[in-house]
Amino acid sequence: MKSKSIHPLFIILMFFLASCVPSGQLTMPDSAFTSTPVTPTVAPTYTSTITSTSTPRLTSTPLPSPTSTPRVHTITSGETLLGIAWIYNVSLDELKSMNPDVNPNIMIVGTDLLIPVATLPPANLTLEPTPIQLPLEGLNCLPDADGGVWCFVWVNNTSSESYENITIGFNLADLQASQVFSSQGTAPLNILLAGEKIPVALYFPAPVPQPFQKSAQFVSAVPYNPASGRYLSISAEVISDNSALENQLLTIDGKFTLDEPASNITIVAVAIDDQGNFVGLRRWQSSLSEPTKDGRFQIDLAAVSGKIAEYLLFAEAQP
C-alpha cells in the first residue's frame, strides 16, 4: 500500500473491508478491546476522555422559582430540553413552564428559551462561557454487554476558525426523564481545523436506564492559531488491516513518518457500519523515550454493535 500524504495536522484515511456482511446486533465482549502488544518504542494506550463516570440527577424535584429577569439560551443543533435543563441546573418541569410554546419533541434551532437568571452552569463547565457553538452530527448511543452505554458523536467545524480542547456534554435518561445521567467528554485529538470534523466518544457505566433517550450538546472550545507551529504534518502507511469476529474487530498495522522529529503522536481510528453510523473508536498514543521521525502503530478497533464496514484514521503530532 502506498504512503498517503496527510492534510496538515490531520489524516483521514478511509478503507472499505473486502467482505462486508449485513449489520447485526451482537455486542463486543471486553476481550475485543484488549490491545495486542507492539514494539517497545510505540506502546498503545487508551484515551481517558471516554471513560468518564456518569452522575445521576433527578429532575422531579422543582428548584426555586425563577427571578423576574431570565437568561436567554438559543437552541443549537443536537440539543434537547433535557440537556439544556441539566446545563443550567434547573428541573425539566420548570423549564417547560417558562417556555410553554416550545414543543420538547420538536426542538427548532435558533429558538430562544427563557432560563432563570439566578441559575448558573454547573462547576464542571468552563469558568468563562464561550460564544463558540459548533454543530454536532450523528449522535449514536449503544448499550454493551456489561449494561453500560457508549455514546459517539461528530463535531463539525463549519466556521472559518480553528479550535482546540473540544468538550461535549452527553445525557441519557429514561423515557419519562425522571432520572438523568450526564457527563462530559473531550475529543481524543486536540485540534479541530476549520472545515474539518472530529469524533468524540464517552462511556456511561452500568446501571443506565433501559430503554433510554439521549442528547448531546457542545460545551466549550479554545481558539487555535494554525500558524503557531505547535503541531506537525504527519504521513502514514497502512501495512495491513485484518478483520475478525465476522467484521466486528479490525486490527490495523501501519507506520508513520514526519519531516521533523515529534515526541507525541496520536492516531485515532473510527469504526463505521454499513448504514454510516459511528459505532466504535480507539485511540493509539506513542510512548517515546526521545523524538522520532518515524515509527510503527497497531490499533485494535472494535464495533460496540453491528459490523465494521469501513473505518477512518485521524492523526496529529507534536514536537
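The values are calculated or read from the model by the stated rules, or taken from the named source; none is laboratory data. What you see is a predicted model; the values in this text were computed from it and never measured. Neighbour counts run over all protein chains shown; Cβ positions are idealised from the backbone, glycine included.
The table for this structure:
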| item | result |
| --- | --- |
| Out of Asn225, Asn247, Asn277, Asn264, sole residue that is in contact (Cβ under 8 Å) with a residue 40 or more places away in the chain, at positive phi and not small (Gly, Ala, Ser) | Asn247 |
| Residue selected from the stretch 192-210 under the condition over 23 Å from Asn264 (Cβ atoms) and touching a residue at least 60 places away in the same chain (Cβ under 8 Å), by the criterion surrounded by the most Cβ atoms within 10 Å (Cβ to Cβ) | Phe204 |
| Checking Leu313 against (1) more than 17 Å from Val153 (Cβ to Cβ); (2) touching a Gly at 6+ places or on another chain (Cβ under 7 Å); (3) buried (at least 22 other Cβ atoms within 10 Å of the Cβ), the condition it does not meet | (2) |
| Check on Ala236, in contact with a Pro (Cβ under 7 Å, 6 or more places away or on another chain), at pLDDT below 95, crowded, with 18+ Cβ neighbours inside 10 Å and assigned by TED's automatic domain parsing to the domain that holds Trp284 | no |
| Residue check for Gln213: among the polar types (S, T, N, Q), free of Cβ contacts under 8 Å to residues at least 24 places away in the same chain and not assigned by TED's automatic domain parsing to the domain that holds Ile267 | no |
| Qualifying residue in the stretch 211-224 (condition: under 21 Å from the mean Cα position of the chain (by Cα), farther than 28 Å from Ile308 by Cα and hydroxyl-bearing (Ser, Thr, Tyr)) | yes |
| Total residues in the stretch 78-114, condition touching a strand residue (DSSP E or B) at 6+ places or on another chain (Cβ under 8 Å) and surrounded by fewer than 17 Cβ atoms within 10 Å (Cβ to Cβ) | 5 |
| Cross-chain or 6+ apart pairs with Cβ under 7 Å, the stretch 167-191 first and on the phi < 0 side of the Ramachandran plot, then among the basic types (Lys, Arg) | Asn171/Lys214; Leu172/Lys214; Val180/Arg57; Ser182/Arg57; Pro188/Arg283 |
| Hits in the stretch 179-220 (condition: farther than 21 Å from Leu82 by Cα and basic (Lys, Arg)) | Lys197 |
